[in-house]
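In what follows, a single structure is set out as structure tokens and then discussed.
The numbers here are math on the coordinates, done by the rules we state, and not lab data. Bear in mind that the values here come from a model prediction, so they are computed numbers and not experimental data. Cβ: placed from backbone, ideal geometry, glycine included. Neighbour counts: every protein chain shown.
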């Protein structure tokens, strides 16, 4: 029996589509996940499922049942969907619990991230209790973010020949003092981290030369994505990819940088299994990045070694093929537990 696929976004009804179409609606960056499910069909025999690619945990599914797989790719607040336990599996980015990464400095960032965690905890509580039920935890699987803009083999060039030591094409929303309430006056973790990163890159401009550092600030995330061609070209020409946190601790830029063979310097990331042993430079504060990037830029052999480590980690841990293999194992485990519980016959791989 063939699978059915839906994409569910905040502002339109669910859209059923064929896996040949990697972008069935304009506001859903699901290419990474579509390619994963192609592999699950072709290599692992996935069949008879209804797969819903869902932007957030609060968006209802078009259908429920044990044959349904929900893939939640955009819930940055780490909420738990109300339908957990009513579908066969929930595959989710950003985590099933609010991520709190304690830091001592900068003080303002630490304070704002503490407030953010409290806010996310309140958003988590209405359905979070469902995870206390063991059977519900069993159907949960954590996903990498993947990418918004996929690279191609031709975009991976020798890191020592790339013209930019580092670059940043992205958004910095100036919310401090302009909105209502506490967030409007204090700003957000995204804002303060990105402003600190910009200051660090300005310092690098004075040390390494403006021609080696590229900055292109956009009004918002969607505007950044609309400059896809330039974004891809710039990433391919960048040795060291700076990846400041966004609304959440995780960011697509980490994955896109690894895929392009860049070295990643980023804010601290959650302790998800697929980050363990990753060749990433996770920093506590962006002023720390100045000397780190300058030292890396002055060491061509280290750059080459780190590029190979980045590409290998993408291939072996975060790529579509590696993620599809982990999902297949997870779904196979679910099938086996169901067989033991019901006394059925030996299951197929993930069908």
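Annotations
- Relative packing of 88-94, 148-154, 288-294, which averages over residues the other C-beta atoms within 10 Å, highest first: 88-94, 288-294, 148-154
- Annotation: peptides 187-193, 209-215, ranked by per-residue average of other Cβ atoms within 10 Å with the highest first, follow the order 187-193, 209-215.
- Cα gyration tensor shape of region 8-86, rounded if a/c is under 1.5, else prolate or oblate by comparing a/b with b/c: oblate
- In the chain, the DSSP-assigned H stretches of four residues or longer account for a calculated mean residue ellipticity at 222 nm of -12000 deg cm²/dmol, using -39500 (n - 2.57) per stretch and the full residue count as denominator.
- Computed on the Cα atoms alone, the convex hull of region 4-143 gives a volume of 129 cubic angstrom per residue.
- Percent RCO, i.e. relative contact order, over region 153-318, from Cα pairs under 8 Å lying at least 6 residues apart: 27
- Histogram of C-alpha separations across the chain, 10 Å bin width, %: 5, 23, 32, 25, 12, 3, 0
- Cα Rg over Rh - region 234-283, Kirkwood: 0.94
- Shape class for region 153-318, computed from the alpha carbon gyration tensor (a ≥ b ≥ c): prolate, with a/c not under 1.5 and a/b above b/c.
- Using a cutoff of 8 angstrom between alpha carbon atoms and counting only pairs six or more residues apart, the relative contact order for region 4-143 works out to 19 percent.
- Part-to-part distance (alpha-carbon centres) for region 226-256 and region 184-208, which is given in Å: 16
- DSSP-defined antiparallel bridges as percent of all bridges, the chain, nearest 5: 10
- Between the alpha-carbon centres of region 32-53 and region 278-343 there is a gap of 21 Å.
- Rounded if a/c under 1.5, otherwise prolate or oblate - region 42-121, Cα gyration tensor axes: prolate
- Helix 107-128 vs. the chain, principal-axis angle (Cα, 0 to 90°, nearest 10): 10
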